[in-house]
Structure formats: C-alpha cells, structure tokens
Amino acid sequence: MLDMQGFQEPAPRKCAASGSRAGEHCSAASLHWRIPSRQAAVLLVLGVTWPGVNGSVAQTLIQSSLPTMPVRLIHTDQAVLDLGEPKQDLPCMVTPIKPVLDFDMKFHAGYNVTVPLRELAVARNELTVIFRVRAEDGHDEPSYFQQQWQVPPLDEDAKGDVRLQGNFASGEGRFHVDWLMRDHDDRFCSDYWDFKAFLTPADRQMRLALAPATVQAEESETFQPEPPIASSAPAAGPGSDLKILIHVAALHTSSSVFQPADTQTLASTLRAIAREPAFRRFSLVAFDLHNLRVIYRQDYADHIDFPALGEALKLLSPGTVNVNALGRGHTETEFLTELIRQEMLTERKPDALIFLGPKFGLEKDISREALAEFGEPRYPVFYISYSLSPQASVWTDAISHTVRFFKGFEYTVSHPRDLWFAITQVLSRIDARQASQRAKR
C-alpha cells in the first residue's frame, strides 16, 4: 500500500450559508490516500484543487447571511442532520477524534472518515462534509462547519480507500456533533456522536483561550494576527515590557530541518505569552544558531507581529549552513555571546528577558568572564525551553548556563500545563522583582 499525505485545499472562500450549494466553503484539509502503487501517478496530479504541500487540518465555520438569523442549509442536508440515525448510501467509516488540549490553550477535536475509492469513480465527483456542533447547555445556536473536496479521476475498479480528516477547536464543555458527507450524486453518509472536553482537577487553575461551551474553526494560518488584548497594567505603570529571544530550531536535536510541527509549537507558545494581559509591550529577536544569523527583529510594540514573523521563517533554508559566517571564523558560541551582549546592553531595558526555544548543544558555553562583562541585569531572566520529552531535556545547554549565571529561572515545557505554569511563574517573579525595587526607593 502507498501512503500519500499532505494535500491541502486553497485558502477558504467565505460564502453565506443559504439554500444553494454555491454557498459552500472550502477550507484547509488533510487527505490521506491508501492506494495500489499503479495509481500513484493519477493521485499525485489533483488538478488545481490541492497543491502538494503540508498544511493544517481545519474546518470552515459557516456563517449566516444575517448576524441575527440562524444558519440555513439546503433541505436535504438539514433533514439528514436532524435525522439522528446513521446513513450509509455512500459507504464510509467515521471515527471521532477525541479532544486534546494544545499549547494554544484550546481543545482540538475532529473526525477521520474513510471511503472506498471504488465509490468515488464517477466523473466530476466531489465530497462535501457538513456538520454542526452544539453545546449541551443549549444556550447558544449550534456552530456549523463545512468542507469540500474535488475527487481526482479514478478507475472504475479502483482499489483502496481515501481517508479525510477535519478538526475544530473548543473550550470546556459537553458537546454533540451531527455529521454528514455527500457526493455529487447526493448519496449520503452520516454519523452522530458526543464528546466532552474538560481540564483535569490538577489543571483547573489554567485559563483557556476559548470560553466554555464555545467552538470555532481551526486556524488555517499558523501566523495570523492575534486579536488585541486589553492590558491589565496602568498606561505608565511598571511590569509589562518583555524582550523575547527566540531560538529557532527543530524540536528533535538530531535534525537541522525546521518542521511544520516546530513552527506550530513556536507560534502557539508565543500566542500564549501574547494573550497574557499583564504584558504591555514586546520586543522580539528570532535567531538561528545553526546558520549564525538573526532571522527577525521587532522593536517594542503593543503586540507581536505574527504575520511578519511567519514571513521571516519562510525564508529559512533547512539543512544549510551560512557559508559567509563560517568564512569569517565565527562559532555558534561567539554568535550567541555577541547577540546576548547587544540585547542586554541596549539603552532601553525590559522588565524581563525571556529565552524561548528548544535546547541546542554547543561545543562550549559562553565563558563566565564574557558574561560578567554584561553586568548584572536589573530585571529577571528566564529560559522557557520546549521539548517533546522532558526526560530528554535534563541536560543544560549554553543558554541554561547563561540564565543560571544571571540567577535566572528555567522551565521545560512538554505539555500545555508546563507552559501555563511557566508563564504564571514569569508573572509572579516580575511582580516580586518590581515590588522589591519599589521598596528600595
């Protein structure tokens, strides 16, 4: 069997939900074909519908044509969703995806659906998925999602299956899903299920990004702008200016290639920090130790410019080495030393300095003599290092040694709970440092 993953639809086209199928939305999707190798060439060419790139798995939220009106579907779709009994006119197998809390502090749930290829061997066939999610408290209208795939040409005796996947985000609560898929001939497959998403008792203090009983479409762009957050600090008050030095590197220490999962972890971690209302302004420096270069720099602003950071990360050349830097005889330790020197000796001082990224082994650490030249910072220093396995990150790297020299604090993040704890500790220690400084005045 041949596995081919990563086909993605173009960006969603927003259309009003109405009684016409022209009002359907297309969104990012994951498509996984299991086919005999003799058909690989056919399925590699999917026309203009899916560029061959890896993308996020998402659903598009269907919106009513009027804000005060409920969503209206075509009658047959509405009838199937209301039926509540599974249909198999179009043979398929639906497997719900259990909700999982991610670093963006949202639960992510969804479905996998498998359809035999022989059922799709029809000219100009297409598959449309529509489903609604309703919170059991029943206070709000259900949320409707929709997705559409164009099916490539297939032989009538095609063997194997196609597997589709869709995801959405939710807050805490109990939810019910009514789900259908139909093809071009109006054959239906439908299914219905319940799911619940709750923090564990040990995590009850965590603040999630979505309110209870809320669902939303999965974000189609990793670095889309973050909505503004009202700062909890006074306009001229202390305690909210952050400088963040981001080490852009793969989570797997054996890899020099920055993977989509690495990008997602970085963006989600930054969003969790940016959503904290106690932080007022952000200065960012993203650097690449492997290539000895600064990738992106943002001066102090009241928000993190996620689109600009995302564009800068697209320019990374995975698996390459900066030949110019090597020609100048620079080492990774020298590069890191000079970067920290520049950022710590700037005239404008932050209220906290945060190093962010996975650990990275260097041939030698920054010398204590070099660090002593920077002077003692008048602000706390932190290192939030994320790792796939906390057991694999017990060792200290050059940034760990630097943070310890400045009597800073290090937190290893492997789960959302770890990130929430780290941010809470950062806030607490900033407050404690500022209270101590005020007491000395």
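Just so you know, all these numbers are worked out from the coordinates, no wet-lab data involved. Owing to the predicted nature of the structure, the values given are computational and were not obtained by experimental measurement. In this analysis, Cβ positions are derived from the backbone assuming ideal geometry, glycine residues included, and neighbour counts consider all displayed protein chains.
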Three-way shape label, the stretch 94-167, alpha-carbon gyration tensor, a/c 1.5: prolate
Percent of beta bridges antiparallel (DSSP, the stretch 241-440, rounded to nearest 5): 20 percent
Can you order the peptides 94-104, 76-86 by their average number of other Cβ atoms within 10 Å per residue, highest first? 94-104, 76-86
If the cut-off is 24 Å between C-alpha atoms, which lysines fall inside it for K364, apart from same-chain ones fewer than 8 positions away? K407
Could you tell me which of rounded, prolate or oblate describes the stretch 326-389, using a ≥ b ≥ c as the square roots of the eigenvalues of the alpha-carbon gyration tensor, with rounded for a/c under 1.5 and, failing that, prolate when a/b is larger than b/c and oblate otherwise? oblate
Going by amide H atoms built from the backbone, whose H comes under 5 Å of the H on D89, apart from near neighbours? F188
Cα gyration tensor shape for the stretch 333-441, rounded if a/c is under 1.5, else prolate or oblate: oblate
Net charge over other residues, Cβ less than 14 angstrom from the Cβ of K407 (K, R count +1; D, E count -1): +3
Which aspartates and glutamates, on any chain, are close to K106 with Cα under 12 Å apart, when same-chain ones fewer than 8 places away are left out? E172, E218, E219
